[in-house]
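Take a look at the structure set out below.
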Amino acid sequence: MACPLHSQRHVSSAFDCPSPMDRVPASQLDELEGAVQCKMELNLQPSGLQLDTSTPQRQRDRELPEIWDTLQGCNFTAGREMSELLCGTSERTRDGRAGELSEPNRTELLGSKRKRKLLLIHQALTSDPVAVETLRGAAVSEGGLLTDEIRRKVWPKLLSVNVYNLPPKPGRAVRQNHKDYTQVQLDVSRSTHRFPQGMRAEQRQVLQEQLIDLILHILRAHPELHYYQGYHDIALTLLLLAGERMGSALLAKLSTHHLRDFMDPTMDSTKHILNYLMPILQRESLRLHDFMLRAEVGTIFALSWLITWYGHVLTSFPHILRLYDFFLASHPLMPVYFAAVIVLHREADVLACDCDMPSVHQLLSRIPQNLPYERLISRALQLFQCHPHAELAKQAALQHHKSISIGSFSAFQLATTQQRPDAVLRRQRQQDSAHAEAAALLPTAGHSPLVKAAVWGISATLGAAALAVTQTALEWAPEFLLQLF
């Protein structure tokens, strides 16, 4: 049975409210946006490539789903902030027949939405504890996390990574006697198409060497994980965006949680994840489902989609990053729901081709590059709510397979809600460094009480100085922004 949200024509009352930000003059919003964006850039770790991932304004989705209920269905509690962010966009944009906005008004509306989202992300990042649910809501809503700079701030919070306690850069020593070195090297050498166009060959070669070390570092640090072809595509995306150190920390978290089922010694767990696809199609379009059964196409066409998070099959790096925003903020099975949405989107093409395995497999294995990504993301959220994975597991007798990724997700999600903001983590790091430097001044202190008192006195002085410098030099925004919140 098709998801009932597809036929809904009205939004919930949560959206029938003006945002407090709508009362802020446009000129002040511009100044606020500039202050927040500038501060985000200044507080970034100096890692990752500064890639231009700007894209033309995406076509407006005229059938915006009931996002409030959808976010709740994905275990999000986006809260009042996110409803305010999305408020006022549905009645005038969902229905193309009545109340259609002119192009200047549409541009103004989208610009205002972007500014409000920037402010909400800023507020979520600086709250204590970090408002991770608001960040998840921002990541899945239209446009995702907007810029690479914001992604480098938000992705670590979505994965509970402390950017002030990152591992050292992986070294060449990880290559010695590693059983996967040869295969990793071959896969990385074949990944030249994944690098940005126009990148110099010598720069690409340096990144490829870093990618090899990054992958082998994770595998050596976690011997329970097993390399699979396609893992390098995910590792490369993280390396390009976040650099070696942050990329290593993000990849370690992903590998032990979202990607964990793909990294078993056999393909059994991966096949289990793929087996969720057909039950979704059966519930949404019985005709399409039966056609694919008759063609005996199976689900192998979607294998590379899932295990690379679509990084291997999409050519646009901004589109890949947009999907990573979505998947990092979602359940580990969300890539399967997105695969179902792609197949449903191409239903007419599938039904028009010959009903045999080669024809259907060839059609589906080649993803069009001009997909309406925002509309597909919205529909994937709908399907996740309408067809919970627990119900699909019962229908397809999948509950007997124990998925590590699915089983550990609730605890993982809970842990992300206990994070401190970067300002606090930075102060803690500075204070720890001050204590260490003070102790190093007196290496032969022994157990003398006087020496201990001197060490603690020096530490307190250095810590207080560091705190004063931090509060003065790293203020996030002008005074009126602080008053706003």
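Here the Debye sum runs over all C-alpha atoms of region 266-418 as equal scatterers in vacuum, and log10 of I(q)/I(0) at q = 0.09, 0.15, 0.17, 0.21 Å⁻¹ comes out as -0.28, -0.80, -1.04, -1.57.
The distance from the alpha carbon centre of region 228-257 to that of region 417-435 is 24 Å, rounded to a whole number. With Cα atoms as the point set, the radius of gyration and Dmax of region 113-155 evaluate to 9.2, 26 Å. Taking all protein chains together and rolling a 1.4 Å probe, SER269 ends up with roughly 10 Å² accessible. Figure the gain on full extension for THR147 and SER316 (residue separation times 0.36 nm, minus the Cα-Cα span) and round it to one decimal in nm. Additional length available on full extension: 59.4 nm. Computed from the C-beta positions of SER189 and ASN165, the FRET efficiency with R₀ = 51 Å rounds to 0.95.
Taken about its Cα centre, region 253-373 carries a charge dipole of roughly 300 debye when the Cβ of each Lys and Arg holds +1 and the Cβ of each Asp and Glu holds -1.
For region 127-154, backbone nitrogen atoms closer than 19 Å to the point 7 Å from HIS345 Cα along Cα-to-C-beta are found at 139-146. Can you tell me the relative contact order of region 274-409? Whole percent, Cα pairs under 8 Å, sequence separation 6 or more. Computed over region 274-409, the figure is 35 percent. Evaluated at q = 0.14, 0.17, 0.22 Å⁻¹, a Debye calculation over the C-alpha positions of region 112-221 (equal weights, vacuum) places log10 I(q)/I(0) at -0.79, -0.94, -1.08. Over 21 Å apart at the Cα level, from the set LYS153/LYS253; LYS113/LYS253; LYS157/LYS253, are LYS113/LYS253.
Residues in region 237-242 carry Karplus couplings, in order, of 4, 5, 5, 5, 7, 10 Hz; the curve used is 6.51 cos²θ - 1.76 cosθ + 1.60 with θ = phi - 60°, and Gly or Pro positions show x. The accessible-area ordering, largest first, of the residues ARG426, ARG283 stands as ARG283, ARG426, per a 1.4 angstrom probe.
Distance from the Cα centre of region 326-370 to that of region 197-223, in angstrom? Value for the Cα centre distance between the two parts: 30 Å.
Taking the square roots of five times each eigenvalue of the Cα gyration tensor of region 374-441, the equivalent ellipsoid has semi-axes of 45, 18, 8 Å, listed largest first. Farthest towards the positive end of the charge dipole of region 322-408, among the residues LEU392, SER405, MET334, is the Cα of SER405, using unit charges on the Cβ of Lys, Arg, Asp and Glu. Here r is the Cβ-Cβ distance between ASP128 and THR182 and R0 is 60 Å; the resulting FRET efficiency, rounded to 0.05, is 0.80.
The lysines whose alpha-carbon is closer than 18 Å to the alpha-carbon of LYS402, local same-chain residues fewer than 8 away aside, are LYS271, LYS394. For region 315-413, chymotrypsin sites (Phe, Trp or Tyr not before Pro) are listed when DSSP marks them as loop and at most 12 other Cβ atoms sit within 10 Å of their Cβ; the list is empty. For region 244-289, the Kirkwood estimate of hydrodynamic radius, built from reciprocal distances between every pair of different alpha carbons, is 12.7 Å.
The values are calculated or read from the model by the stated rules, or taken from the named source; none is laboratory data. Nothing here was measured: the structure is a model prediction, and the numbers come from that model. Here Cβ is always computed from backbone atoms with ideal geometry, including for glycine, and neighbour counts include all displayed protein chains. These accessible areas exclude ligands, DNA and RNA; they are computed on the full protein's heavy atoms, side chains included. Shrake-Rupley method; radii C 1.70, N 1.55, O 1.52, S 1.80 Å.
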